[in-house]
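The values are calculated or read from the model by the stated rules, or taken from the named source; none is laboratory data. Just so we're clear, the structure is a prediction, and the values are computed from it rather than from any experiment. Cβ placement follows ideal geometry from the backbone for every residue including glycine, while neighbour counts extend to all protein chains displayed. Heads up: the accessible areas ignore ligands, DNA and RNA and are worked out on the full protein's heavy atoms, side chains in. Shrake-Rupley method; radii C 1.70, N 1.55, O 1.52, S 1.80 Å.
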Amino acid sequence: MTDKMLDIRNLKVALPTERGTLNAVRGVDLSIAKGETLCLVGESGCGKSLTATALMGLLPRYAKVTADRFEMAGQDLTAKTDAKLAKMRGRDVAMIFQDPTSALNPTLTIGRQLTEGVMRAEKLSRKEADARAIEMLDRVGIANPAARLTQYPHGFSGGQRQRIMIASALMGRPKLLIADEPTTALDVTIQAQILALLGELQADLGLSLLLITHDLGVVAAIATEVAVMYAGRIAERAPVKDLFRAPQHPYTQGLLAAIPVPGLTPRGSALPAIPGRVPGLIGTMTGCAFRDRCALAGAECSQDPVPRHSPAPGRFVECYKAAEVAA
Amino acid sequence: MLSFLSKRLLVALLVCVTVSALSFGLMFLSGDPAIAIAGSGGRAEDAEAIRVAYGFDRPLVIQYLDWIGSALTGDLGQSIYFNVPVTEIIGNRVGVTLTLGFISFLVALVIAVPLGIAAALRPNGWIDRIALVIAVSGQAIPSFWLGLMAIVVFGVWYGMVPISGAETWQGYILPVVVLSYYAIPELMRITRSGMIDVLATDYVRAAKAKGLPMHLVISRHALRNAVLPLVSLAAVQLGQLLSGSIVIESVFALNGLGRLAWESLLRSDLPVVQAIILILSLLYVVLTTLADILNAVLDPRLRGAS
Ligand SMILES: Nc1ncnc2c1ncn2[C@@H]1O[C@H](COP(=O)(O)OP(=O)(O)O)[C@@H](O)[C@H]1O
Ligand SMILES: [Mg+2]
């Protein structure tokens, strides 16, 4: 056991498809210290959501998930993942989703949806659970929270619904909060408010936060650590300042190329386009997945295993050419 | 909810008026009722006398208002064939049809809904495959054939159940099996597809993420949303089971409304035909209205709640 809130090694997710096995997550290492915010960034389809869903134990039955190490919120889940994870969901680890308009059940009141988890898990009475729901709604900035409990989701705006989802995730007082692109579906101004709220809650409650995004502006604003994902693997991981100042993976460099001054990037700017296409992940693959799009790629880049350099604690990059990039 | 209710009931009332006018008009579509009553070999004078006696010579609107006015007071006229009140004839027959229809409906629901849910939980699993076979065969085999086969096998060969009539409760077994067999496929299909859609939604994922056990995720979050289309279909199905059992009632020699309608048509007993059509169409109106109200209870968006 470590002092980490999350420590996973070599997480793999394979999905059977008509065209063969899709190795969507191909050995991901992630760790988050207590009270830290890790941003997981990468192009759409690189496996971010699958990684997050695997952490929650909510992947479909047909998905094949393996990991060499899986520790979360002080529990070792490497063996006997499912049963233990089921007990932790909503209590030790909670998750919010991309589209708040579809994440609330249209046929149940807000109060019911906020309280149903804790009433079961903590054996709270209706009154106690309502009191906590009111506290949480207040905390996420929903006005007049007591009256809201009896209302249904369709009366709320997208931004309000995402606040309610956050309140719902906080009901079980989780230690780790996973947010999968929580602002992508919202207006730009609302995005900023929701992010500010997440940052605030993270600091106030001492949460560990895994924030998935493809918005580098968000990363600059909120992250302490960044993991850059590409084609099912972590290409580079670094403290946020180091990553923006001196990216060491050619892919990270490509992503940051469009940003003139780190930290000043306007929110909502999408990942800049890098020429070329992500390789298909059906079947096995050898060497570096980025090599077809990489200006520095050489003959060695198609060899396995791609070397991992760790220039400083908490930082690593997987690249044959990392030294050239850094220079 | 109140404004939803009043709007819905107003619509139902308008449909009732239309439907009653249509069922009244149907009688005249098939030709001159007086000639029909007099019989094809009847003399012109007889037809004329009948026309006056039954009031067919009056304007249609007056005849309709007269008819519907009496209907509202519970008087559906006299049977031309039996010369007794239509309500009395129908009253003697309606019990069989209601019993058969409701029991078949319940049996169909009890089988179709759990099967649909189980199939949706594991698409392409073995339950799903069995359900598919049932659905396909249910839609492919004609009901009279299935009914006759059931009679031959269980009634004649094995003598397990009576082969006709409904004097004892055993008489209902085969007709119920055959009727519900036809209602099951569609009910099952809509439950399955509704559940598959709902199980893929974010709110079901969110419910799981809250740590709710699977049975609560299914019953509280998934089923409640998946039944909305099922409720509407079930109302129509129940209407069909109550009104569309002419074939089954004939095959099993059950004296229900369906058989009465058929016999009355052959006898040109138009007041009876008219009354049955009116009752069955009003039944549809009532059932679909009830279904809409039930859906509004289940889904706050439909009743305009905040
Ligand atoms: N249930 C699934 N079945 C098959 N393929 C899937 C499934 N979920 C995701 N994928 C595929 O896995 C890859 C990674 O998906 P995802 O983790 O959602 O990407 P991201 O969140 O980074 O955009 C994509 O190519 C996607 O099409
Ligand atoms: Mg995603």
Is it true that some residue in segment B:268-285 is of a type in the set (A, V, I, L, M) and not in a helix (DSSP H, G or I)? no
Within segment B:166-187, the residues that are in contact with a Leu (Cβ under 7 Å, 6 or more places away or on another chain) and open to solvent by less than 10 Å² (accessible area, probe 1.4 Å) are B:Pro175, B:Val178, B:Ala183, B:Leu187
Tally the residues that are crowded, with 18+ Cβ neighbours inside 10 Å and either touching a Ser or Thr at 6+ places or on another chain (Cβ under 8 Å) or of a type in the set (A, V, I, L, M) (or both), restricting the search to segment A:154-166. 5
Considering A:Ala203, A:Ala169, A:Ala185, A:Ala179, which residue is within 16 Å of ligand 2 (Cβ to nearest atom), of a type outside the set (Phe, Trp, Tyr) and not in a strand (DSSP E or B)? A:Ala185
Count, please, the residues in segment A:53-74 that happen to be farther than 28 Å from A:Gly283 by Cβ and exposed (fewer than 15 other Cβ atoms within 10 Å of the Cβ). 1
Taking segment B:65-79, which residues are more than 12 Å from B:Phe24 (Cβ to Cβ), free of Cβ contacts under 8 Å to residues at least 24 places away in the same chain and surrounded by 12 or more Cβ atoms within 10 Å (Cβ to Cβ)? B:Asp75
Evaluate the following for B:Leu266: is it more than 14 Å from chain A (Cβ to nearest Cβ) and either modelled with pLDDT of 90 or more or open to solvent by less than 10 Å² (accessible area, probe 1.4 Å) (or both)? no
What helices (runs of 4 or more DSSP H), lying completely within segment B:59-142, carry at least 1 residues that are farther than 13 Å from B:Met188 by Cα, of a type in the set (Phe, Trp, Tyr) and touching a helix residue (DSSP H, G or I) at 6+ places or on another chain (Cβ under 9 Å)? B:60-72, B:86-121
B:Val236 vs (1) surrounded by fewer than 23 Cβ atoms within 10 Å (Cβ to Cβ); (2) within 14 Å of chain A (Cβ to nearest Cβ): all pass except (2)
Picking from A:Leu108, A:Leu15, the residue that is within 16 Å of ligand 2 (Cβ to nearest atom), under 21 Å from B:Lys208 (Cα atoms), at pLDDT 95 or above and more than 14 Å from the chain's Cα centre (by Cα) would be A:Leu15
Of everything in segment B:12-25 that's in contact (Cβ under 8 Å) with a residue 40 or more places away in the chain and within 16 Å of B:Thr288 (Cα to Cα), which residue is least open to solvent (accessible area, probe 1.4 Å)? B:Ala12
Would you be able to tell me the number of residues in segment A:43-74 that are more than 14 Å from chain B (Cβ to nearest Cβ), more than 12 Å from ligand 1 (Cβ to nearest atom) and not hydrophobic (A, V, I, L, M, F, W, C)? 5
When you scan segment A:184-200, do you find a residue that is within 14 Å of chain B (Cβ to nearest Cβ), among the polar types (S, T, N, Q) and farther than 22 Å from A:Met119 by Cβ, even just one? yes
Across segment B:242-263, what is the number of residues that are out of contact with any Leu (no Cβ under 8 Å at 6 or more places or on another chain) and either open to solvent by less than 10 Å² (accessible area, probe 1.4 Å) or part of a helix (DSSP H, G or I) (or both)? 9
For segment B:183-192, indicate whether the set of residues that are within 14 Å of another protein chain (Cβ to nearest Cβ) and not polar (S, T, N, Q) is non-empty. no
Residues of segment A:119-155 classified as touching a residue at least 12 places away in the same chain (Cβ under 8 Å), hydrophobic (A, V, I, L, M, F, W, C) and either within 11 Å of another protein chain (Cβ to nearest Cβ) or under 25 Å from A:Gly74 (Cα atoms) (or both), total: 2
Top-ranked residue of segment B:269-306 - restricted to ones that are within 14 Å of another protein chain (Cβ to nearest Cβ) and of a type in the set (S, T, N, Q), ranked as most open to solvent (accessible area, probe 1.4 Å): B:Ser306
Can you tell me which residue within segment B:197-206, out of those that are part of a helix (DSSP H, G or I) and either of a type in the set (S, T, N, Q) or within 7 Å of chain A (Cβ to nearest Cβ) (or both), is least open to solvent (accessible area, probe 1.4 Å)? B:Ala206
When segment A:84-95 is examined, which residues are found to be open to solvent by less than 30 Å² (accessible area, probe 1.4 Å) and within 8 Å of chain B (Cβ to nearest Cβ)? A:Met88, A:Gly90, A:Ala94, A:Met95
If I filter segment A:167-182 for residues that are more than 9 Å from chain B (Cβ to nearest Cβ), surrounded by 18 or more Cβ atoms within 10 Å (Cβ to Cβ) and under 21 Å from B:Asn225 (Cα atoms), do I get at least one hit? no
Check B:Lys210 against each of (1) crowded, with 22+ Cβ neighbours inside 10 Å; (2) in contact (Cβ under 8 Å) with a residue 12 or more places away in the chain and name the one condition it does not meet. (2)
Can you tell me which condition A:Met95 does not meet? The list is (1) away from ligand 2 (no atom under 13 Å from the Cβ); (2) touching a helix residue (DSSP H, G or I) at 6+ places or on another chain (Cβ under 6 Å); (3) not small (Gly, Ala, Ser), and all the others hold. (1)
Where residues in segment A:214-227 are β-branched (Val, Ile, Thr) and surrounded by fewer than 24 Cβ atoms within 10 Å (Cβ to Cβ), which of them is farthest from ligand 2 (Cβ to nearest atom)? A:Thr224
Checking A:Thr183 against (1) among the β-branched types (Val, Ile, Thr); (2) modelled with pLDDT of 95 or more; (3) under 17 Å from A:Thr101 (Cα atoms), only one condition comes out false. Which one? (2)
Exactly one of these conditions fails for B:Val52: (1) within 18 Å of B:Arg189 (Cβ to Cβ); (2) in a helix (DSSP H, G or I); (3) modelled with pLDDT under 90. Give me its number. (1)
Going through segment A:29-52 in order, the residues found to be among the polar types (S, T, N, Q) and either away from ligand 2 (no atom under 16 Å from the Cβ) or crowded, with 21+ Cβ neighbours inside 10 Å (or both) are A:Ser31, A:Thr37, A:Thr51
Counting only residues in segment B:213-225 that are out of contact with any Leu (no Cβ under 7 Å at 6 or more places or on another chain) and within 7 Å of chain A (Cβ to nearest Cβ), the one surrounded by the fewest Cβ atoms within 10 Å (Cβ to Cβ) is identified as B:Asn225
